[in-house]
1. Which links in LYS46/LYS213; LYS44/LYS213; LYS44/LYS109; LYS46/LYS109 stretch past 27 Å when you go from one Cα to the other?
2. What is the extension gain from GLU30 to LEU150, computed as 0.36 nm multiplied by their sequence separation minus the C-alpha to C-alpha distance, in nm to one decimal?
3. Taking H placed 1.01 Å from N in the peptide plane, check which residues at least 5 places from TYR250 or on another chain put their amide H under 5 Å from its amide H.
4. Calculate the length of the line joining the C-alpha centroid of the stretch 195-244 to that of the stretch 46-122, in whole Å.
Amino acid sequence: MKTNVVKGLALVMALMMCTSMVAINWDSYEWLGDGAGGGVYANKYKVAAAFGQTVVNIQHPGFAAEDGIYTNFPAGIASCDLPDGKYVIEGAGMVLYLSAFTQKETAVKVVAGGVDYDFTVFFADGQGETGGDEPGDDPGDEPGDDPGDLTPATYHGVQSVEVNGTQVAFNWSITRNANATLTFDITWEADIVGAVPQICLEGSFITMPASDKHAQLTTTATYEDGATLNDTFFYVAYAGGAARVDITGYTVGASNDDPGNPGSGVESVTAAQKAQKMIVNGQVVIIKDGVRYNLLGAVAE
């Protein structure tokens, strides 16, 4: 197992050109439209875009030297980690040349307006497998990295967030799996038009596969019990705004009882190493190790 989270993430970043950080369910993504090849590129390419990124289609604009995937960002583009000659930048837009994509999955990082945008391109005819299954691509497969057969541990939380003027309860959980990967899970109780759920994991945004008020994502990177995740939160964008559910401070391997669905009576519950505060039926209670206490320290009914 990695000695710390930073080591694991650094290794994954070094391998980003040949594998994605997390297994992506490509069935939930649409094929890019072929605006350049007369149908040759139909059903060949998909993009798991970063939040804020817009992917248009495959085209060959006048400023490009080759056919490619046209995408743009909210601000001017400063850099791209694809090899030189495999892309062209035009302000806040760019073309990623199709010749850059020879693998089933290629992870790409673009910096625009001082923000890192991490996304993944899928090529149906590419080499290798999806989900980082190529030999040596998964940091968990390195000699000596096998964490052993751990007992899964799940930490639950619920947070009420205002969405379009209405308080919406978000129920979430983080499970440290038996193989030391993490599964992030979040559901919400109201219809949110155009919801695009993401997890900001240690500062990097990753789009979560979602369906019917529910999103879930499992990492391929492994994490050591006791490590703390910082700058980590769920981020659900929607038409006109976004909802943020903070889980910074989660300790890998921590677990508690599922608080259930207290509904609108819940003010806020966030991950913490020692205790949580919440309001149930108008009363403030403290949850520690799955037990509810009142403010006097007595076990609450």
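1. Numbers: LYS46/LYS213 23 Å; LYS44/LYS213 29 Å; LYS44/LYS109 21 Å; LYS46/LYS109 16 Å.
With Cα atoms farther than 27 Å apart: LYS44/LYS213.
2. Numbers: separation 120, 0.36 × 120 = 43.20 nm, distance 3.65 nm.
Gain on extension, GLU30 to LEU150, equals 39.5 nm.
3. LEU229
4. That distance is 22 Å.
None of the figures in this text is laboratory data; all of them are computed from the coordinates on show. Everything numeric in this text was worked out from a predicted model, so none of it was measured.
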